[in-house]
Amino acid sequence: APPNSWWIDTGVSIHITNSMQGYLISRKLNKGERTITIGNGIEVDAEAIGILRLILDSGFILDLVNTVYVTIFTRNLISVSQFDSCGYEFKFRNNRVSLFHYFYTIGSGTLYGNLYSLNLDSTCAQSLLSFNENDFVNKKRKRVNKNSSMLWHKCLGHI
């Protein structure tokens, strides 16, 4: 699966990303300020927290509040419990998932193996992919290449 894919997870209590790309606003966390306990009981430090924007294949703009950036994660996870408290609803059936907000369909996803992947707008998904290789090098951001910023401009520049 591409590293820019987003997976719907009923077991996580927060949204987690493995990339800094897509954040509208974020703040870096101090070491030990926020830790995440993973499935095997090990605690890992979150590097940053903020609001991350996704654009779904339907065109709906989805802002994930309090999304934490954790470098060791190999998947981006969407917390079903976080959505439930904000008026969102998921319906799972026939190897598909539909995402609703106050009874309006806003997005969909597809079952891959045992996990559902959220369907993103293809232009924005490509721009997320181009930044996804460890966004921090020695605690600094990598330089953005022109092709990737053009993709972001196409995605967000004319809203």
Notebook entry, point to check: Could you list, in sequence order, the residues of segment 1-37 that are β-branched (Val, Ile, Thr), open to solvent by 20 Å² or more (accessible area, probe 1.4 Å) and in a strand (DSSP E or B)?
Noted result: Ile25, Thr35, Thr37
Margin query: Cβ-Cβ under 7 Å, sequence separation 6+ or interchain: first residue in segment 52-65 and closer than 17 Å to Ser5 by Cβ, partner acidic (Asp, Glu) and surrounded by fewer than 20 Cβ atoms within 10 Å (Cβ to Cβ). Which pairs?
Written below: Arg53/Asp63; Ile55/Asp121; Leu56/Asp121; Asp57/Asp121
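Hey, among Ile42, Ile72, which residue is out of contact with any strand residue (DSSP E or B) (no Cβ under 9 Å at 6 or more places or on another chain), without any contact (Cβ under 8 Å) to a residue 60 or more places away in the chain, aliphatic (A, V, I, L, M) and open to solvent by 70 Å² or more (accessible area, probe 1.4 Å)?
Just one listed residue meets the conditions, Ile42.
The values are calculated or read from the model by the stated rules, or taken from the named source; none is laboratory data. Keep in mind the model is a prediction, meaning the values are calculated, not measured. Quick reminder, even Gly has a Cβ in these numbers, built from the backbone with ideal geometry, and neighbours come from all protein chains shown. The area values use the complete protein model at the heavy-atom level, side chains included, leaving out ligands, DNA and RNA. Shrake-Rupley method; radii C 1.70, N 1.55, O 1.52, S 1.80 Å.
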